[in-house]
Amino acid sequence: MGLKALPSGPVHPLHRLLPRGMLTPLPVRQQVADLFRSVFEPYLDVAGGRLFLLILLNNTFATLMSLFGGVVLGILPVASAGINGFLLGVLFRLAAEQEGIGASLFYLLPHGIFKIPAIVLTAAYGLWIGMTFTRHFWKPKQNVLGDHARHAVRMHFRLILPLSSWEHHL
């Protein structure tokens, strides 16, 4: 069943297609927007190479924390992916209310192409490292934890970090 026509109004009922953060009540959306403003306000005047470096450092730290946070029963990678999806949904809804759904989808496009796959890959590798750590804990004879961790770090720098850092160039 496809979308035939979108109803008129500031926000369209695409909640089945977009992150659940779109369904949050207005006070929560406003709190998230205020939080983002307070966190990112110091960076509004930053541009060019310095902005790229700041994004690169932030994404490196966040993805490595999520990647190796998998050793804690996989909680951090799953929570990180869920929180990112929730926040993206909240911000998308706020943008849709102010700019319209077409412009908001256009703004979301770089995230959909680069950032979301990077988050999913980071969570997958984090869960993989967590499972390997748990197996190693219970069966220490299988010494693959180091090999898996090295592979995950190589993939982080070859694939995940470039995906998560190039989105701001679009």
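The values are calculated or read from the model by the stated rules, or taken from the named source; none is laboratory data. Only a predicted model underlies this, so the values are computations on that prediction, with no experimental measurement involved. All Cβ positions, glycine included, derive from the backbone under ideal geometry; neighbour counts span all protein chains shown. Note: areas computed on protein heavy atoms with side chains; ligands, DNA, RNA excluded. Shrake-Rupley method; radii C 1.70, N 1.55, O 1.52, S 1.80 Å.
Of the heavy-atom accessible surface of the range 21-151 (probe 1.4 angstrom), what whole percent is carbon and sulfur?
71
When ranked by the protection proxy of mean other Cβ atoms within 10 Å per residue, highest first, what sequence do the peptides 43-50, 129-136 form?
129-136, 43-50
In square angstrom, what is the accessible area per residue of the range 16-170 with a 1.4 angstrom probe?
Each residue of the range 16-170 exposes 63 Å² on average to a 1.4 Å probe.
How do Arg93, Arg158 rank by accessible surface area computed with a 1.4 Å probe, from largest to smallest?
Largest accessible area first, the list is Arg158, Arg93.
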